[in-house]
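The structure appears right after this line, and notes come after that.
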Amino acid sequence: MKKNRIVAAAVLSVLALAPLSALAETEASRETSATVKNTQMAEDRPEVRIGKLKSYLRGPNKEITGVVLTDGTTAQLPADIAKKVYRYTQTGSMVMITGTGEPASFKARAITVNGTQYNIPAETRAN
């Protein structure tokens, strides 16, 4: 009889601990998931680049497709925004670009020229 009680107690203790181990695994999974999300958010966190306009990027038909700043930041722009930037700037104009990525291929989310900000819709941003 005593042996049955010991076995029953052992089974109950294992059953009692099982939810705790599952909870610990769930917490570890959440922490890993949060770390991945935070890393992705950091990569997607916009930066601001402010500088003087060095030159314009041009397409095969000489149309304006983007800008190059004196610090080397290069940003592709949608055609309609590129036309406005060209119309309202000249070489040496101060420009502020908000976006992500490396300077050589900066993915612009917005560009500010002469106090006017032009937002670039997500579906038209350079990849």
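The values are calculated or read from the model by the stated rules, or taken from the named source; none is laboratory data. These numbers come from a predicted model, not from an experiment. Because the Cβ atoms are built from the backbone with ideal geometry, glycine has one as well, and the counts that use them run over all protein chains shown.
Cβ-Cβ distances below 7 Å connect the following pairs, each with a first residue in segment 90-106 that is assigned by TED's automatic domain parsing to the domain that holds Thr116 and free of Cβ contacts under 8 Å to residues at least 24 places away in the same chain, a second residue that is buried (at least 16 other Cβ atoms within 10 Å of the Cβ) and assigned to a strand (DSSP E or B), and a separation of six or more residues or different chains: Gly101/Lys107. Annotation note: Cβ proximity below 6 Å between a residue of segment 63-76 that is free of Cβ contacts under 8 Å to residues at least 12 places away in the same chain and within 16 Å of Arg125 (Cα to Cα) and a residue that is of a type in the set (A, V, I, L, M) and outside any loop (DSSP other than H, G, I, E, B) (sequence gap 6+ or interchain) occurs for no pair.
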